[in-house]
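Heads up: the structure comes next, in structure tokens.
The values are calculated or read from the model by the stated rules, or taken from the named source; none is laboratory data. Keep in mind that this is a model prediction, so the values were computed, not measured. Ideal geometry is used to build each Cβ from the backbone, glycine not excepted, and the neighbour counts take in all protein chains shown.
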Amino acid sequence: MKVIFLDVDGVLNSDRSIFALPMREIYPGDYRFNYLVSKADPVAIAILNRITKETGAVLVGSTSNRKVLGFDGLEHALKEMGVDAPLYDITPSLNEKRGVEIDVWIDDHNKVAQGNAKVESFVILDDSNDMLPSQQENFVRVNPAMGLSFPDMRKAIEILTGSSPTTLILP
């Protein structure tokens, strides 16, 4: 199984989308959900969709938003943003570095997974650098000013598949 450990703030939204896009009240009274969905950068979403389409990777939420929204809320928010791939799981909240939480998730998952369900490759898409030294080759540090970009997509696909992307011009 190929896995994308996904942060949201700074990856699927950015300084530019937060500034440029208006806040919409999608669900009255649910500020965090409304903020997340209405400030999502459609270009970053399209790039994430390209990565999942090209690689067949599943999404595991490693974003701090998982602590507020939980699995169901984060899954719903990603769908509302336009993310095509379903949310597979979220990392545990251990009050540790995000890299530790990712390592724990991989270890726990692989203990119970069979065959193709084991993690064969993974990429971490995040704008912060609280990853472990052993994860650096699987880490794509996204510029939070711009969000997920074309160079980030190329690097993520190469990490997940071991080769350069095959479809870069047309979907």
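Which numbered condition in (1) within 14 Å of the chain's Cα centre (by Cα); (2) touching a residue at least 40 places away in the same chain (Cβ under 8 Å) is the only one that GLY73 fails?
For GLY73, the failing item is (1).
Pick from VAL43, VAL68, VAL37: which is in contact with a Lys or Arg (Cβ under 7 Å, 6 or more places away or on another chain) and in a helix (DSSP H, G or I)?
None of the other options fit; the residue is VAL68.
So that you can scan it fast, the table gives a plain yes or no per residue for (1) without any contact (Cβ under 8 Å) to a residue 40 or more places away in the chain; (2) more than 21 Å from PRO86 (Cβ to Cβ); (3) aliphatic (A, V, I, L, M); (4) crowded, with 18+ Cβ neighbours inside 10 Å:
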site: VAL8; (1), (2), (3), (4): no, no, yes, yes
site: SER14; (1), (2), (3), (4): no, yes, no, yes
site: PHE19; (1), (2), (3), (4): yes, yes, no, no
site: PRO28; (1), (2), (3), (4): yes, yes, no, no
site: TYR35; (1), (2), (3), (4): yes, yes, no, yes
site: ALA40; (1), (2), (3), (4): no, no, yes, yes
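Test ASP103 against the stated conditions and say whether it is among the charged types (D, E, K, R), exposed (fewer than 15 other Cβ atoms within 10 Å of the Cβ) and either more than 22 Å from MET153 (Cα to Cα) or touching a Phe, Trp or Tyr at 6+ places or on another chain (Cβ under 7 Å) (or both).
It is false that ASP103 is among the charged types (D, E, K, R), exposed (fewer than 15 other Cβ atoms within 10 Å of the Cβ) and either more than 22 Å from MET153 (Cα to Cα) or touching a Phe, Trp or Tyr at 6+ places or on another chain (Cβ under 7 Å) (or both).
Sort through PRO144, PRO165, PRO171 and tell me the only one that's in a loop (DSSP other than H, G, I, E, B) and modelled with pLDDT of 95 or more.
PRO144
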